[in-house]
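What follows is a single structure, written as structure tokens, with notes after it.
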Amino acid sequence: MCLAVPARVIEKDGDRAVADAMGNRWNIRITLTPDIEVGDVVLIHAGYAITKVDEEEAKKTWELFEEIAHFEAERLKAKQQEGDRDA
Amino acid sequence: MKPSGLRPSNRKATEMLERIEQARKSIHSACEKVGRQIQVMEVCGTHTVSIFRHGIRTLLPENLKMLSGPGCPVCVTDQGYIDVVMDLARRDDTIIATYGDMIRVPGKGDSLESLHRDNIKVVLSTDNGLALAKKHPDKTVVFVAVGFETTTPASAVAVADAAREGVGNFCILSGHKLVVPAMKALLGSKNDKIDAFLCPGHVSVILGSDAYRSVVDEFNRPCVVAGFEGVQILEGLAKICEQIADGRAEIDSVYGAAVTPQGNRTAWKIITDMFEPCDGPWRGLGVIPGATMRLKNQYKQFDALHRFGIEEVPSEEPAGCQCGQILCGLMDPPQCGLFGKKCTPDTPVGPCMVSTEGACSAWYKYGR
Ligand code: SF4
């Protein structure tokens, strides 16, 4: 539940902003990180930016998420095949 | 670690493998030097899942044991709290706004999901909860406010917004918890088996790594902050084992730029403007002094307990469930008689099986 994901701020209006991660867009609040500018990469938790992070860190996490999605899909497939065999 | 984690490029993969190997070596040589059994508690549920998913346990020496701590907010939420949420959900004048994590946690009988009522709304942020209140002025929106320091600021901002904008039909049921007092309570209890803490990454973004000072100073236990990547967890463990081998207990962090010693002061100020610590029950751990957050008196009109005249949140546990023992590091999930039999992710008995970050759920999915 305490997981935060990195995303890039692409629009900003007061303490509200739009952030983008791997093509997914969210409306977020930047109330907790008032110094954020458009272009910055932030960690987002429950709709709030909680800190700025550097680009490299963020890239690693995005790659990791892809890996996890890939891994989960494989695991599911394996499980299904197992199920098919048992049936 | 699974090689599938290394696709991006060969150079990066080699670099990553080297870091893993380096950390693994440090852990093994430090543990060998220590000789005796070492028990490290990963406080955070995100770590629990990552440790399993990356097969980290298989890389550790025999005498290093990982304990899953109370770091999943769903798991430590007392059943009495869930029952209050259920009672509020059964009313016709309320809308319950909750993070998806809470929807399947069983109360005495039902869970929010099994109630099948359309006044129960899953939201992604407190902002959505407040928006619901504005949209339905004839109902009272109760936000199910659980979570640690990472999540508390969002509740604080929502209440501040509601107060400023005069949204009188919004309130929160605060089950917010503080991580550090709980860590200290675990160490202070007689069953202390914990040699060191692997501290949560994203909670520490808000808290700052200096927040663990009292754990290090008063209890002489190493506290090392790590992010949730497998390699960072290994590097964090290496730092911990080295400290134990040298007889040191210090604060350290392998989570780079995101975690600073002082944390996010803006967030912390918003929390302390709106909330104050109080004594409150943690699932399985009992009442921990100063480890639960409630709204300050001047915001009590936004406190669901006050709004609905609820005086006491009764504390109760599902029969046979050993979550409390597991959260204290005294038991591993398979030692619970219900594990994998009556209690599975599809038919969870306790919160540690409901939450995807719960120790029981992680063991069930990856540990067998
Ligand atoms: S296996 Fe189920 S019943 Fe047993 S401790 Fe875990 S959640 Fe509780």
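Converting phi to 3J(HN,Hα) with the Karplus coefficients 6.51, -1.76 and 1.60 and the offset θ = phi - 60°, segment A:13-21 yields 8, x, 9, 10, 8, 10, 10, 10, 10 Hz in sequence order, with x at every glycine or proline. Across chain B, Cα pairs under 8 Å and at least six residues apart give a relative contact order of 21 percent. Each residue, residue A:71 and residue B:17, gets one label point 7 Å from its Cα in the Cβ direction; the gap between the two is 1.8 nm. Taking other residues whose beta carbon is less than 15 angstrom from the beta carbon of residue B:127, and scoring Lys, Arg as +1 and Asp, Glu as -1, yields +2.
According to the Kirkwood relation over distinct C-alpha pairs, the hydrodynamic radius of segment B:323-367 is 10.0 Å.
Distance from the alpha carbon centroid of segment A:9-43 to that of segment B:190-242 works out to 30 angstrom. When the alpha carbon gyration tensor of the protein assembly as shown is reduced to an equivalent ellipsoid, its three semi-axes come out at 33, 26, 23 angstrom, largest first.
Size of segment B:68-161 from its Cα atoms: along the principal axes, largest to smallest, the extents are 42, 31, 18 Å.
The long axis of helix A:55-86 is offset from the longest Cα principal axis of chain A by roughly 20 degrees.
Counting Lys and Arg as +1 and Asp and Glu as -1 over every other residue whose Cβ lies under 9 Å from the Cβ of residue B:76, the net charge comes to +1. Spread over its residues, the convex hull of the C-alpha atoms of segment B:51-101 is 91 Å³ per residue.
Could you work out Rg/(2.2 N^0.38 Å) for chain B, with Rg from alpha carbons only? Can you show the working numbers first?
Numbers: Rg = 20.9 Å, N = 368, 2.2 N^0.38 = 20.8 Å.
Computed over Cα atoms of chain B, the ratio equals 1.01.
Heavy-atom accessible surface of the protein assembly as shown, averaged per residue, reaches 42 Å², computed with a 1.4 Å probe. Less than 5 angstrom separates the built amide H of residue B:264 from those of B:206, B:207, B:208, all sequence-distant by 5 or more or on a different chain. Taken residue by residue and averaged, Cβ atoms of other chains lying within 10 Å of the Cβ of B:264-275 number 2. For residue B:175, nonlocal amide neighbours, meaning residues 5 or more places apart or on other chains whose placed amide H falls under 5 Å from its own, are B:145, B:146. Share of Cα-Cα pairs in segment A:5-86 beyond 21 Å, in percent? Everything past 21 Å amounts to 39 percent.
The values are calculated or read from the model by the stated rules, or taken from the named source; none is laboratory data. As the structure is a prediction and not an experimental result, all values here were calculated from the model. Don't worry about glycine lacking a Cβ; one is built from the backbone with ideal geometry, like all the others, and counts go over all protein chains shown. The accessibility values were calculated without ligands, DNA or RNA, using every heavy atom of the protein model including side chains. Shrake-Rupley method; radii C 1.70, N 1.55, O 1.52, S 1.80 Å.
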